[in-house]
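Chemist: Take this structure first; my questions come after.
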Ligand code: HEC
């Protein structure tokens, strides 16, 4: 009896592993509760761009250090985030975003997306009503561009993105 129950559990685990591998989709979770985020919430447009599709499968943001994408990220950050996080992400009402001292798991772009999409506590509400998923990837690329910490800790970059990156010294 005991063994049959055990087998059923193993079988269940195997099926769910297979199901998530088959869909190829990463699972994104609330940074606060750990509950799975519903990625169909919020604005409908901007969910099917190549960048979003790639991100959902791999967790890699192709806009990182992409000269053509950064200006859009900069302008979205200025309107939607800088009032609380500071002009260059140095922190204000909200914590700084330009160093490697984070409260949540921002050492990956998956973790960064989870906070932006799903929100955190206090004034940090979910941004899915304000920004499309494609906008979020642009804002994230700008946040990574503002990073002033050591370049070797930039786990979120691909090797090629890291080669293009120099810690931000701009205004
Ligand atoms: C109304 C103020 C406000 C706005 C607007 C705002 N934030 Fe925040 N943000 C906060 C606060 C406060 C926290 C701290 C929340 C916590 O600790 O749970 C926070 C936390 C964060 C964190 C986690 C920081 C860490 O150390 O782990 C990230 C990432 C973040 N915000 C990104 C953004 C982005 C990107 C935008 C714009 C799209 C934005 N926020 C807009 C107030 C704001």
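Chemist: Within the bounds of the stretch 80-90, is there any residue that is at pLDDT 95 or above, within 19 Å of residue 30 (Cα to Cα) and more than 10 Å from the ligand (Cβ to nearest atom)?
Modeler: No, the stretch 80-90 contains no residue that is at pLDDT 95 or above, within 19 Å of residue 30 (Cα to Cα) and more than 10 Å from the ligand (Cβ to nearest atom).
Chemist: Further question on the same structure: Of all residues in the stretch 112-139, how many are surrounded by fewer than 18 Cβ atoms within 10 Å (Cβ to Cβ), within 17 Å of residue 38 (Cα to Cα) and near the ligand (Cβ under 8 Å from one of its atoms)?
Modeler: Of the residues in the stretch 112-139, 2 are surrounded by fewer than 18 Cβ atoms within 10 Å (Cβ to Cβ), within 17 Å of residue 38 (Cα to Cα) and near the ligand (Cβ under 8 Å from one of its atoms).
Chemist: Here is a further query. Scan the stretch 74-95 for residues that are surrounded by 17 or more Cβ atoms within 10 Å (Cβ to Cβ) and farther than 16 Å from residue 131 by Cα and report the count.
Modeler: Here the count works out to 6.
Chemist: Quick check on this structure: which one of 37, 70, 76 is more than 9 Å from the ligand (Cβ to nearest atom), farther than 19 Å from residue 156 by Cα and touching a helix residue (DSSP H, G or I) at 6+ places or on another chain (Cβ under 8 Å)?
Modeler: After applying the criteria, what remains is 37.
Chemist: Within the stretch 143-155, how many residues turn out to be surrounded by fewer than 24 Cβ atoms within 10 Å (Cβ to Cβ) and in contact (Cβ under 8 Å) with a residue 24 or more places away in the chain?
Modeler: Here the count works out to 8.
The values are calculated or read from the model by the stated rules, or taken from the named source; none is laboratory data. This is a predicted model, so every value here is computed, not measured. With ideal geometry, Cβ positions are generated from the backbone for all residues, glycine too; neighbour counts draw on all protein chains shown.
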